[in-house]
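A quick write-up on the structure given underneath.
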Amino acid sequence: MFIFTVPQNHCAVIEMFGKPVSVKKSGLNFYIPFLQKIKRVDWMQTHTDGKYIQLSEQLLDTAPRSCVTKDNATLDVSCIIRWRITDAKQALYEVENLHRAILELVLNELRALIGNRNLDELLSSRAQLSEKVVQAISGTTARWGISVNSVEIQELSADSKTQDAMLKQMEAERVSRAIALEAEGKSRAIRLNAEAEKDAAIMRAEATKAAMQLIAEAEAEYVAKLAQTIGAEGATKALLNRQALDSYKTITANPSDKVFLPANVPAMVNIKD
């Protein structure tokens, strides 16, 4: 027997006549020389000494991939894939070139999801997009003996034409918001002025009402005292004469040269030559 040690967070696949027979985990292990051998995994890129497979979480950094959105905007997308091996046998024998297969699977699914969404929706929902990619590929990665923990979108950039269109759209939105705010401000000012005029009219009306009430009360008190002094009939004549004199004041206030007096001048007014 040949004794060997597997490092922490690694494993080794033992083959017999080209067929996997066991998976050795970290610690002290052995295999039968000449009949068995450790599977070489130099091509996996994630190994130690070319024969120990890493089981800890690993990272794959993708190159930018061109994608087209639902509204025909062209984007360059790149991401970081966090994954780990859960079944070493499946990872070795169920798929050829595991790392490239993971990259192509993630990028193709990402491109399909981007093609079903508009640009504005994509720019505001990166986290949801990443979660959907992981969910969509979980069935395939399980058959490969790996688990994709997360897909973090690192870059989501548009081409020059799309960026120019986005800038114009942002400028148009800013102008639209400015116009809306200005209109709202004018509308608020008009409402405030109308309410102020309404309040002022109410206050003037209330003041006029109060003044008329005071005048009426004063007139009533004057008539009552006048009636006590000269009698009811005399008080009536006095009030009529005063009203006539007040009307003459109004008539003579006209700046014209001629003044027309009514024919029924009260007897109390004496006109002398």
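List of remarks:
- Potential lengthening of the chain between residue 82 and residue 5 amounts to 25.0 nm, from the contour at 0.36 nm per residue minus the alpha-carbon distance.
- If you bin all the Cα-Cα distances of the stretch 1-127 at 10 Å, starting from zero, the percentages per bin are 12, 34, 22, 16, 11, 5, 0.
- Length added when fully stretched, residue 26-residue 216, from 0.36 nm per residue minus Cα-Cα: 57.3 nm
- A simple count of charges around residue 38, restricted to other residues whose Cβ falls under 9 Å of its Cβ and scoring Lys, Arg +1 and Asp, Glu -1, yields +4.
- The stretch 90-234: translational diffusion in µm²/s, Stokes-Einstein, Kirkwood Rh over Cα pairs, 4 °C, 1.567 mPa s: 55 µm²/s
Where a number appears in this text, it was derived from the coordinates with a stated rule and is not lab data. Here the structure is a predicted model, which means the values were calculated and not measured. All Cβ positions, glycine included, derive from the backbone under ideal geometry; neighbour counts span all protein chains shown.
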